[in-house]
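What follows is a set of notes on a single structure, which appears directly below.
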Amino acid sequence: LPAAAATPDINELIALLPRREGAEFLADCSVTEMTVGSEVHRPGDRLDSVLFPLTGYLSLVSRRPDTPGIEVGMVGSEGMLGVHVGLGLSAVPLLVLVQGAGTALTLSAAAFRKRLAASAALQRILDRYVGSLLSQFATSAVCLRFHKIVPRLARWLLMSQDRARSAVFPATHQFLSYMLGVRRAGVTEAAGTLQQLGAIHYQRGVVTVLDRSLLEGAACSCYRVERAAHQEAMAPAQRAR
Ligand SMILES: [Zn+2]
């Protein structure tokens, strides 16, 4: 694995650490490649390592034996997978899938715990991020119950674009139906609506955002609410320069 320090991509949580501490933290990490659709974590499994996405992003899916999975959160370079480890837990009660291919920094849960115990700055950053994640889950509950499929799809596409850091990103029909909790026909119809609007182009499992402001106009309020909640949660953690 290449040394983490060699990569120019950043994870925003690690970037909040004081410079020297950030460099030491990176020295503990290695870079891992994430492949679309792969399962990074299954509910009940032990979490042996934590992930700080760089260019890739993850989908957090809640699933019960008697229900299909439904996406309750998304994690890209603004966050991490494994806050549970920091809270003293060894498992995440979620299915975690790679939604966007790319890279992530990884380190063992043991190394992460050690760093966390020794760093007040890292503890503060993690606390704030847990707050942001709680907002994200709460927003998802409202969105899934009360918002219609087209505004939800628009929100989901904006969240994906932010994490892909590109106007072009993958989103297969199957994946979308899974993530939005609707049948594939429902996805086709909703994507068609956004396409007619001129907001996106969607073909062969690839989304191209043509007009971001149109997409923002079509999205439910959850997108803005959640972005603001994340910024507010993380603001006091900003690195003192
Ligand atoms: Zn919503």
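The values are calculated or read from the model by the stated rules, or taken from the named source; none is laboratory data. In this text the structure is predicted, and so the values were computed from the model without any measurement. Every residue, glycine as well, gets a Cβ built from its backbone with ideal geometry; the counts of neighbours run over all protein chains shown. Ligands, DNA and RNA are stripped out before the accessible areas are found, and what is left, the full protein with its side chains, is counted by its heavy atoms. Shrake-Rupley method; radii C 1.70, N 1.55, O 1.52, S 1.80 Å.
Counting 0.36 nm for each residue step from Arg20 to Gln203 and taking away their Cα separation leaves a gain of 61.3 nm. Accessible area per residue was computed with a 1.4 Å probe on protein heavy atoms; Ser166 scores about 40 Å². Computed over the chain, the per-residue total of -39500 (n - 2.57) for DSSP H runs of n ≥ 4 gives a 222 nm mean residue ellipticity of -14000 deg cm²/dmol, rounded to 500. In a reduced charge model with +1 at each Lys and Arg Cβ and -1 at each Asp and Glu Cβ, the chain shows a dipole moment near 300 debye about its Cα centre. Note on exposure: Asp45, Asp66 ranked by accessible area (1.4 Å probe, complete protein assembly) read Asp66, Asp45, with the most exposed listed first. Here's the picture: a label point sits 7 Å out from the Cα of Glu33 along the beta-carbon direction, and within the range 165-187 nothing has its amide nitrogen under 11 Å of it. Candidates Leu47, Ser59, Ile149 compared by Cα position along the dipole of the range 45-166: farthest toward the positive end lies Ile149, with charges placed on Cβ. Does the range 31-109 come out rounded, prolate or oblate by the C-alpha gyration tensor, with a ≥ b ≥ c the root eigenvalues, rounded set by a/c under 1.5 and, if not, prolate when a/b is larger than b/c and oblate if not? Judged from the Cα gyration tensor, the range 31-109 comes out oblate (a/c at least 1.5, b/c at or above a/b). Ligands, DNA and RNA left out, the accessible area of the chain computed with a 1.4 Å probe is 55% carbon and sulfur. Per residue, the accessible area of the chain comes to 48 Å² when a 1.4 Å probe rolls over the protein heavy atoms.
The separation of the range 16-47 from the range 122-154, counted between C-alpha centres, amounts to 21 Å.
Rounded to the nearest 20 debye, the dipole size of the range 93-211 about its Cα centre is 340 debye, using +1 on the Cβ of Lys and Arg and -1 on the Cβ of Asp and Glu. Per-residue surface analysis assigns Val168 an accessible area of about 80 Å², computed on protein heavy atoms at 1.4 Å probe radius.
With Cα atoms as the point set, the radius of gyration and Dmax of the range 113-195 evaluate to 16.9, 52 Å.
The convex hull drawn around the Cα atoms of the chain, when projected onto a plane and averaged over every direction, covers 12.8 nm².
The simple Förster model, with R0 at 25 Å and r as the Cβ-Cβ distance, assigns Asp9 and Ala235 a FRET efficiency of 0.65. In this structure Tyr223 has an accessible area near 20 Å², from a 1.4 Å probe over the protein heavy atoms.
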